[in-house]
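Here is the structure we will look at.
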Amino acid sequence: MSRGRNKELIQKRNIALLRRYHYWTEVQCLRFDYALKQLSENEFFISEERIMAIIRENYKKIPDIVVKPVPKVRKPKITAGQLALFTEETPTNR
């Protein structure tokens, strides 16, 4: 008997999650961040980050619905010197 999580059950969970995400975002027209919160806190009890990872990995596996994952946004890397440019007060010419 194999150990660990059952791959078939994980796949069924992922498909169900995609269908629920589609329902909340497309049918109910809920914003994606509210849909993620709903799925995370009330339906699947996993983190919002994990839900987005599952959606990005599996969105092409359901042919009968179109699931549009939100693109991953990368934060710009700002150095302390660059940040100081925005926090210093500039003198006014009066």
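The values are calculated or read from the model by the stated rules, or taken from the named source; none is laboratory data. Treat the numbers as computed from the prediction; the structure is a model and nothing was measured. Every residue, glycine among them, receives a Cβ derived from its backbone with ideal geometry; neighbour counts consider all protein chains shown.
Which residues, taken from segment 5-19, are at pLDDT below 95, within 19 Å of residue 48 (Cβ to Cβ) and among the charged types (D, E, K, R)?
Within segment 5-19, just 19 meets the criteria.
In this structure, is residue 8 surrounded by 10 or more Cβ atoms within 10 Å (Cβ to Cβ), free of Cβ contacts under 8 Å to residues at least 60 places away in the same chain and out of contact with any strand residue (DSSP E or B) (no Cβ under 7 Å at 6 or more places or on another chain)? Before you say what the answer is, go through the steps one by one.
Values: surrounded by 10 or more Cβ atoms within 10 Å (Cβ to Cβ): no; free of Cβ contacts under 8 Å to residues at least 60 places away in the same chain: yes; out of contact with any strand residue (DSSP E or B) (no Cβ under 7 Å at 6 or more places or on another chain): yes.
It is false that residue 8 is surrounded by 10 or more Cβ atoms within 10 Å (Cβ to Cβ), free of Cβ contacts under 8 Å to residues at least 60 places away in the same chain and out of contact with any strand residue (DSSP E or B) (no Cβ under 7 Å at 6 or more places or on another chain).
Got at least one residue in segment 9-22 being more than 13 Å from residue 69 (Cα to Cα), of a type in the set (Val, Ile, Thr) and in a helix (DSSP H, G or I)?
Among the residues of segment 9-22, at least one is more than 13 Å from residue 69 (Cα to Cα), of a type in the set (Val, Ile, Thr) and in a helix (DSSP H, G or I), which makes the answer yes.
With the requirement that a residue be surrounded by 14 or more Cβ atoms within 10 Å (Cβ to Cβ), without any contact (Cβ under 8 Å) to a residue 12 or more places away in the chain and assigned to a helix (DSSP H, G or I), what does segment 40-65 give you?
Passing the criteria: 40, 53.
Quick check: anything in segment 40-49 modelled with pLDDT under 95 and among the charged types (D, E, K, R)?
Yes, the conditions are met somewhere in segment 40-49.
Can you tell me which residues in segment 7-38 are aliphatic (A, V, I, L, M) and either in contact with a helix residue (DSSP H, G or I) (Cβ under 9 Å, 6 or more places away or on another chain) or closer than 15 Å to residue 59 by Cα (or both)?
The first filter runs over segment 7-38 and keeps only residues aliphatic (A, V, I, L, M), leaving 9-10, 15-18, 27, 30, 35-36.
Correct list: 10, 15, 16, 17, 18, 30, 35, 36.
Just to be sure I understand the filter: pairs with C-beta atoms under 8 Å, separated by 6 or more residues or on different chains, first member in segment 66-86 and under 30 Å from residue 16 (Cα atoms), second member of a type in the set (Val, Ile, Thr) and surrounded by 10 or more Cβ atoms within 10 Å (Cβ to Cβ). Which pairs pass?
Listed pairs, sorted by first residue: 67/55; 68/25; 69/55.
Output the residues belonging to segment 23-39 that are more than 16 Å from residue 72 (Cα to Cα) and either modelled with pLDDT of 95 or more or in a helix (DSSP H, G or I) (or both).
23, 24, 25, 26, 27, 34, 35, 37, 38, 39
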